[in-house]
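*Asks:* Mind looking over this structure? Questions follow.
The values are calculated or read from the model by the stated rules, or taken from the named source; none is laboratory data. Computed from a predicted structure; not experimentally measured. All Cβ positions, glycine included, derive from the backbone under ideal geometry; neighbour counts span all protein chains shown. To get the accessible areas, we keep the full protein, side chains included, count just its heavy atoms, and leave off ligands, DNA and RNA. Shrake-Rupley method; radii C 1.70, N 1.55, O 1.52, S 1.80 Å.
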Amino acid sequence: ATAQPAQRVSLSEAGLLERQHLQEWVIANPQLLGDVKIITSEFDRWLTPAGDATWERLDVLGLTRTGRLVMAELKRGRAPDAVMVQALNYAAMVSRFSLDVLADAYSGKRDNRRPTPELVAELQEWAPDLSDETLSPPQIVLIAEDFGPVLTNTAMYLIEQRVDIRLVRIQLYSLAGGQLLLTSSQVLPVPDAEDFMVRPRSSPETHRATRGAAKRRAAIPYRLVAAEV
């Protein structure tokens, strides 16, 4: 019967951690990344051309219904500006994935050594068009409690260059009864202005008449040229 404001708290203030909590929430609720199937987390099996292992560790790797990879980097608190470079590094490395590597990563997460063709078939049930070609370029999702202006400015530039990157802000609230509520919202890219507009509707007859008039107007220059006027 009465409204009570929820108090905004940080993950740190609530004693919640990046890997043990935030990462596990994303794995349990992959819709935070979109319509995605989780492939693996904490992926660290990278090799240099010389055969040396690196220490890079990808937070979460997912797969869309179209067979495209989604790599997510998670940060508790405000995301540092340097996370953008880190995310681009991961995206570059993930772009080298093949179906065999994907199946191996999917199997390793589940500690299950099933044959690769069986794993690929399971993944193709999720993404029917899945192939080596659909995996790349990967989508990038950054999840954090806040993003600074330098990072958002860089994200805007990358989006303008047609890099598929999304910034998702999570916010934690303490309710009156002591329960904690987590919300998520996409910061970038922002929806198009068209998505917010309601237009007056005209009849089909008006549509046809307008299109006919437009066609006649467009034809006039061609008629003039054809008549050498």
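*Asks:* Are there any strands (runs of 3 or more DSSP E) wholly within the range 24-124 with 2 or more residues that are more than 22 Å from SER136 (Cβ to Cβ) and modelled with pLDDT of 95 or more, and if so which?
*Replies:* 69-79
*Asks:* Scan the range 13-72 residue by residue and report those that are of a type in the set (D, E, K, R) and open to solvent by less than 20 Å² (accessible area, probe 1.4 Å).
*Replies:* ASP59
*Asks:* Shifting gears a bit: Here is a list: MET84, MET93, MET71. Which entry is within 26 Å of LEU188 (Cα to Cα), in contact with a Pro (Cβ under 8 Å, 6 or more places away or on another chain) and not aromatic (Phe, Trp, Tyr)?
*Replies:* Of the residues listed, the single one that is within 26 Å of LEU188 (Cα to Cα), in contact with a Pro (Cβ under 8 Å, 6 or more places away or on another chain) and not aromatic (Phe, Trp, Tyr) is MET71.
*Asks:* Could you check the range 20-44 and list, in sequence order, the residues that are more than 21 Å from THR66 (Cα to Cα) and touching a residue at least 24 places away in the same chain (Cβ under 8 Å)?
*Replies:* Once the filter is applied, which keeps residues that are more than 21 Å from THR66 (Cα to Cα) and touching a residue at least 24 places away in the same chain (Cβ under 8 Å), the range 20-44 yields LEU22, GLN23, TRP25, PHE43.
*Asks:* Go through (1) surrounded by fewer than 17 Cβ atoms within 10 Å (Cβ to Cβ); (2) within 15 Å of the chain's Cα centre (by Cα) for ILE170 and report which single condition fails.
*Replies:* Unmet for ILE170, out of (1) surrounded by fewer than 17 Cβ atoms within 10 Å (Cβ to Cβ); (2) within 15 Å of the chain's Cα centre (by Cα): (1).
*Asks:* Does any residue of the range 90-109 turn out to be in contact (Cβ under 8 Å) with a residue 24 or more places away in the chain, more than 14 Å from LEU61 (Cα to Cα) and open to solvent by 80 Å² or more (accessible area, probe 1.4 Å)?
*Replies:* The answer is no; no qualifying residue exists.
*Asks:* So how many residues does the range 125-157 have that are in contact (Cβ under 8 Å) with a residue 12 or more places away in the chain and in a helix (DSSP H, G or I)?
*Replies:* 7
*Asks:* Still on this structure, I have one more. For the range 33-59, enumerate the residues that are within 17 Å of ASP104 (Cβ to Cβ) and under 13 Å from the mean Cα position of the chain (by Cα).
*Replies:* LYS37, ILE38
*Asks:* Another question, then. Could you list, ordered by first residue, the pairs with Cβ atoms under 8 Å in which the first is in the range 183-206 and within 30 Å of ARG76 (Cβ to Cβ) and the second is in a helix (DSSP H, G or I), at least 6 apart or interchain?
*Replies:* Hits for this filter: SER184/LEU32; VAL187/THR152; LEU188/THR152; LEU188/ALA155; LEU188/MET156; LEU188/ILE159; PRO189/ILE159.
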